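The values are calculated or read from the model by the stated rules, or taken from the named source; none is laboratory data. What you see is a predicted model; the values in this text were computed from it and never measured. FYI the Cβ positions are ideal-geometry reconstructions off the backbone, even for glycines, and counts take in every protein chain you see. Surface areas here come from the heavy atoms of the whole protein model, side chains and all, with no ligands, DNA or RNA. Shrake-Rupley method; radii C 1.70, N 1.55, O 1.52, S 1.80 Å.
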Amino acid sequence: MKKSILTLLFLTSVASVFAQVELNYFLPAKIQYNPAIPTPKSVIGHEVGEWHITHDRLVNYMMALDKASDRISLEVIGQTHESRPVIVMVITSPKNHQNLEQIKAQHVQLTDPSKSSSLDVKNMPAVFYMGHSIHGNEASGANASLVTAYYLAAAQGAEIERYLDNTIILLDPSFNPDGLQRFSGWVNARKSRVPNADPNDVEHNEAWPGGRFNHYWFDLNRDWLVAQHPESQARVKKFHQWKPNVLTDHHEMGTNATFFFQPGVPSRMHPLTPEKNLELTKKIGTYHAKALDEIGSLYYTQEGYDDFYYGKGSTFPDVQGAIGILFEQASSRGHAQESSNGILRFPFTIRNQFTTALSTLKAVNEMRVELLEYQRDFYKSASAEAAKDLTKAVVVGSRDKVKLFHFIEMVQRQQIDVHKLTTNQSFGGKNFNVENSYAIPFNQPQYRLIKSMVEKRLQFKDSLFYDISSWTLPLAYGLDFEEVKTPIALGEKIAEVKMPEGKIIGNGGYAYVVEPFGYYLPRATYRLLSKGIRVKVATDPFFANDKKFERGTLMIHVENQEKISPEQLLVYMKELVEKDGLDVYALNTGLDYRGVSLGSPTFMALRKPEIAMLVEGNVSATDVGELWHLFDTRFNIPVTLLPVSVFNSTNISRYNTIIFPEGSYASINDGAKEKLKTWTQAGGLVLGFESAVNWLTGAGLAKFEMKKDDEKDKKELAKPKPYADIEENRGAQETSGAIFEAEADLTNPLFYGYTSNKIPLFKPNNLFMQKASGVYSNPLTYGNSPLISGYISKPNYAKLKNSSCVGVSVLGRGRVIGFTENLAFRAFWFGTNKMITNAIFYGPMLSAEMGR
């Protein structure tokens, strides 16, 4: 009996340790709930916060609510890279559900100044978009969505009925399903039965790359504006279908923090955002403060975060007549973790997120008319500003129709009107033809958004940026563009831009040639090489059929193919036309009396790339992801993601190209360094990006010397300063993302396919490479005045001037190429992608005289 009692006491004590909070821990007191609505536990099998919700169970619960409640309609609006559903719940009163399309159509008219004046906003519902956990390992938001959805479906009483009558709620329970699934799998699999709050525990220390990112390791909270990923494209489309008045974005931050709600630092608000937006955000903030006061939670506001880059979820609405609100909850990064505020438990973090979801709902209802009027006034004032703007339109064009297509595709996702030109025209000394150009008029509802996309900004209220300071999108895509100051005749409005097809020009059977300008030329090149087709590249210009072909033109000789018939080769040429949008010229002779015939030794044979890219350890996951995404989704070039620990021990002879993305490589051992040197000397190609160039120098593979502070700057930086200014002074020296113009030698194979020697580069770092002494060793350099747009401190700008952007070192028969900049930034910096693939295909042929 005594033994049984002791056993019972032990089990009771263990049960108390593991006791989880019940649903009523989160919910408001004195509210009745409809018993016909399933609770989260009845569907997912555990209490909210007991385990981290997996995405499949999250969707299952939302589907159960959709089935049980006449307040809810669930929509699958897209799929992730990993084929998980992207869902949105439309939550409102049953009466509103019956008239949803009419309500939507009327609400969207608020954004049309020609129709909005006649609308009676006093009798219109507001639209509230609730978004959760765009960073998958900031999971309290997605877990809180379980409670929020239950409350909205099951709560009874006059207050909730009024809220639902006056509000259309778009609830997205997980902005990043793939990341959420990855993170929940990690923490759940490592959860102890006795909760371990030690920050050193494996539960709180995710393996690389962590759950923050999507499948390709992108930060989706930087993708709202450019929408390069399917998750973003789905939610941006839903945003524009409804044009919400308020969008909330539930995040997490460091464990030792408390809770943050916007506004952020007022001086870091983008100038295109009206001051009224800040006023309304502050007013909504009083609702959060009151709600958090009532449950005794610590919080802060107007510190640390900003509203500058319009690609973030909480800032994207600000340039479109809505109020974006960022919530940042201190993260338990698991189920419980020690913090400077005591043990931070997962259910507590969920409760704060749920509490502020409800405080926003209350604010939206009590401020409904004010928010609707603000939305209407925002677009009316935008129309008035557009009429006064000296710029009347932006004209964009490119010799590369595919790159231009992707730009217009991105622009149209944001409901921006695009027109054809009526005739070939010249603006600012640049020629724009009807076939390869478009006009984007400023006088349209999305005026402010358009201006934010194309402006070049050099003046800032603040020198600190939470994210990038510039993103001029025509420059990012490598397009010719001009801001037109006089009214222009607009041609046909483009309903939906289509991926262009190329054409086969000529009917010769001697050889095929393809010019170097097309964006998908690397995809075509790899596909041909992978089929065993012999491909050569022209290193000198040549003439054929009275047309000049530039350096970088591909040549495929019909008879000089051992593995393929002329008939099959023609089929593959048609694929280039149909799949890659390339023009293929069919030549009937190899003779060029003006200089270079097709049999010339200046045509160099290409080798098929066999690529490995180092990952894990202290390598930047986002930089790896950008390159992986580029090769995998755009160019269909396979790349082995090679962990540093495996690189240390494996045989690398199967690769001919190894990429070192941005990161630190201190964990590469001496034996691996020697192995890499030997491999390179035998003809291997090494590419290094950003800080990796320093490691390549230190490892003895290259000689990329960086500039240092001059004596004047050293003295200035060494002057005594107030302790309170530490963060500000440190931040002011960061180059978080600005745009600079570099000058390229277009005869160098690294720049084949570029039509201008002035190339905009995106710089997210403070790496400044010294020019090399060799006369051929500096093919891409910054001049005396390279800043186009964005912020850089004076000392850093001085070092940037007359620096080099790329270096080449020769090691035996191998080449080591180092780039100081990010050439694939966030998948939208199309303009410099060609440098990467040129380095891969043409790097092995670079002359030894380029070497440093």
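Some values worked out for this structure:
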item	result
Residue check for T680: touching a residue at least 40 places away in the same chain (Cβ under 8 Å), open to solvent by less than 50 Å² (accessible area, probe 1.4 Å), of a type outside the set (A, V, I, L, M) and out of contact with any Phe, Trp or Tyr (no Cβ under 9 Å at 6 or more places or on another chain)	yes
Which numbered condition P661 fails, given (1) under 30 Å from R826 (Cα atoms); (2) in contact (Cβ under 8 Å) with a residue 24 or more places away in the chain; (3) surrounded by fewer than 20 Cβ atoms within 10 Å (Cβ to Cβ)	(3)
In segment 622-643, the residues that are among the aliphatic types (A, V, I, L, M) and open to solvent by less than 40 Å² (accessible area, probe 1.4 Å)	V624, L627, L630, I637, V639, L642
Test for F213: is it more than 30 Å from A363 (Cα to Cα), touching a helix residue (DSSP H, G or I) at 6+ places or on another chain (Cβ under 9 Å), part of a loop (DSSP other than H, G, I, E, B) and of a type in the set (F, W, Y)	yes
Output for segment 152-196, where each listed residue is of a type in the set (V, I, T) and crowded, with 16+ Cβ neighbours inside 10 Å	I160, T167, I168, I169, V187
Set L344, L358, L371: member being aliphatic (A, V, I, L, M), within 30 Å of the chain's Cα centre (by Cα) and farther than 19 Å from K122 by Cβ	L358
Every residue from segment 810-849 that is closer than 15 Å to L701 by Cα and either without any contact (Cβ under 8 Å) to a residue 24 or more places away in the chain or crowded, with 24+ Cβ neighbours inside 10 Å (or both)	R815, V816, I817, G818, F819
Condition check for T286: out of contact with any Lys or Arg (no Cβ under 6 Å at 6 or more places or on another chain) and either assigned to a loop (DSSP other than H, G, I, E, B) or open to solvent by 40 Å² or more (accessible area, probe 1.4 Å) (or both)	yes
Subset of segment 60-82 [of a type in the set (S, T, N, Q) and open to solvent by 70 Å² or more (accessible area, probe 1.4 Å)]	N60, Q79
Residue that is surrounded by the most Cβ atoms within 10 Å (Cβ to Cβ), among those in segment 316-367 that are among the charged types (D, E, K, R), outside any helix (DSSP H, G or I) and out of contact with any strand residue (DSSP E or B) (no Cβ under 7 Å at 6 or more places or on another chain)	R333
Every pair of residues 6+ apart whose Cβ atoms lie under 6 Å, when the first sits in segment 776-804 and is farther than 24 Å from G478 by Cβ and in contact (Cβ under 8 Å) with a residue 40 or more places away in the chain while the second is surrounded by fewer than 22 Cβ atoms within 10 Å (Cβ to Cβ) and among the charged types (D, E, K, R)	Y776/E849; P795/D713; K799/K707
Verdict on E741 being acidic (D, E), at pLDDT below 95 and either under 23 Å from Y477 (Cβ atoms) or assigned to a loop (DSSP other than H, G, I, E, B) (or both)	no
Pair list, Cβ < 8 Å and 6+ apart or interchain, from segment 198-219 residues that are over 14 Å from H335 (Cβ atoms) to residues that are among the hydroxyl-bearing types (S, T, Y)	G211/S184; F213/T622; N214/T80; H215/T80; Y216/T633; W217/T622; F218/T622; D219/T622
Wholly enclosed strands (runs of 3 or more DSSP E) of segment 500-575 bearing at least 1 residues closer than 23 Å to I836 by Cα	511-514, 536-538, 547-549, 554-557
Of residues in segment 83-109 being over 16 Å from W242 (Cα atoms) and not polar (S, T, N, Q), the one surrounded by the most Cβ atoms within 10 Å (Cβ to Cβ)	V86
Residue match in segment 289-303 (condition: more than 18 Å from G141 (Cβ to Cβ) and crowded, with 22+ Cβ neighbours inside 10 Å)	no
Residue match in segment 389-400 (condition: more than 27 Å from D583 (Cβ to Cβ), of a type outside the set (A, V, I, L, M, F, W, C), surrounded by fewer than 19 Cβ atoms within 10 Å (Cβ to Cβ) and free of Cβ contacts under 8 Å to residues at least 12 places away in the same chain)	no
Single match in G590, G595, G599 (criterion: modelled with pLDDT of 95 or more and either part of a loop (DSSP other than H, G, I, E, B) or more than 14 Å from L528 (Cβ to Cβ) (or both))	G599
Qualifying residues in segment 454-475 (those that are in contact with a strand residue (DSSP E or B) (Cβ under 7 Å, 6 or more places away or on another chain) and closer than 16 Å to A827 by Cα) - the one surrounded by the fewest Cβ atoms within 10 Å (Cβ to Cβ)	T472
Residues located in segment 291-315, provided they are part of a strand (DSSP E or B) and in contact with a Gly (Cβ under 7 Å, 6 or more places away or on another chain)	D307
All positions within segment 94-113 that are in contact with a Ser or Thr (Cβ under 9 Å, 6 or more places away or on another chain) and either closer than 22 Å to Q375 by Cβ or not in a helix (DSSP H, G or I) (or both)	N96, L100, I103, Q109, L110, P113
Candidate set: segment 74-99, residues that are free of Cβ contacts under 8 Å to residues at least 60 places away in the same chain and more than 19 Å from D178 (Cα to Cα); chosen: the one nearest to the chain's Cα centre (by Cα)	L74
Matching residues in segment 299-341 - criterion: being among the aliphatic types (A, V, I, L, M) and either modelled with pLDDT under 95 or within 27 Å of E206 (Cα to Cα) (or both)	L326, A330, A336
Residue tally, condition part of a loop (DSSP other than H, G, I, E, B), under 29 Å from N137 (Cβ atoms) and touching a Leu at 6+ places or on another chain (Cβ under 9 Å), over segment 258-279	5
Only listed residue being open to solvent by less than 10 Å² (accessible area, probe 1.4 Å), at pLDDT 95 or above and within 30 Å of G671 (Cβ to Cβ), chosen from V584, V619, V646	V619
Residue count, segment 370-382 (criterion: open to solvent by 10 Å² or more (accessible area, probe 1.4 Å) and more than 16 Å from Y287 (Cβ to Cβ))	6
Matching option when the condition is farther than 24 Å from I350 by Cα and outside any loop (DSSP other than H, G, I, E, B), among Q241, Q228	Q241
Check on V43, touching a helix residue (DSSP H, G or I) at 6+ places or on another chain (Cβ under 6 Å), free of Cβ contacts under 8 Å to residues at least 60 places away in the same chain and not acidic (D, E)	yes
